[in-house]
């Protein structure tokens, strides 16, 4: 069952900000990657705005939404899905939740997602240890890019 994650919404809930920084995004990605690895779940993380490069890290796909909002991109993907009932949209945005359910997807709050998916590693927004050399090797390999 894939999760569609409202990235800015997740950061906003954790950090109480509507304008996430690159550091906020990196901390969120690190937390999700760790949890997905432990749980064997898969997810697509959608971010609003330009400057986010589409990429894949294990079972996490990251999508930057420069031309439209992350909400609209998620809804487009739900609409295109062969089995929308297998998708879980993770957001605290009531309007997005309702629209996703209208298209056949399930929804859950970020807090429920965090409880269900893996064990907590580094907290979102904390200084997560990063192996820079590992990231350079990973992103230097063209097969890890979309």
Report summary line: Subtracting the Cα-Cα distance of residue 53 and residue 115 from 0.36 nm times their residue separation yields 19.5 nm
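Give me 22, 72 ranked fewest to most by other Cβ atoms within 10 Å of their Cβ, as a rough exposure proxy.
Ranking 22, 72 by Cβ neighbours within 10 Å, fewest first, gives 22, 72.
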**Report entry** Mean Cβ count within 10 Å, highest first, over the residues of peptides 98-104, 2-8
**Finding:** 2-8, 98-104
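Need the full-extension length gain, residue 37 to residue 92, defined as separation in residues times 0.36 nm minus the C-alpha distance. One decimal, nm. Provide the component values of the computation, followed by the final result.
On the way: separation 55, 0.36 × 55 = 19.80 nm, distance 2.39 nm.
Contour length minus the Cα-Cα distance gives 17.4 nm.
Any read-out appearing in this document is the output of simple, stated calculations on the displayed coordinates, not a laboratory observation. Please read all numbers here as calculations on a predicted model, not as lab measurements. Positions of Cβ are generated from backbone atoms using ideal geometry, with glycine treated the same way; all protein chains shown enter the neighbour counts.
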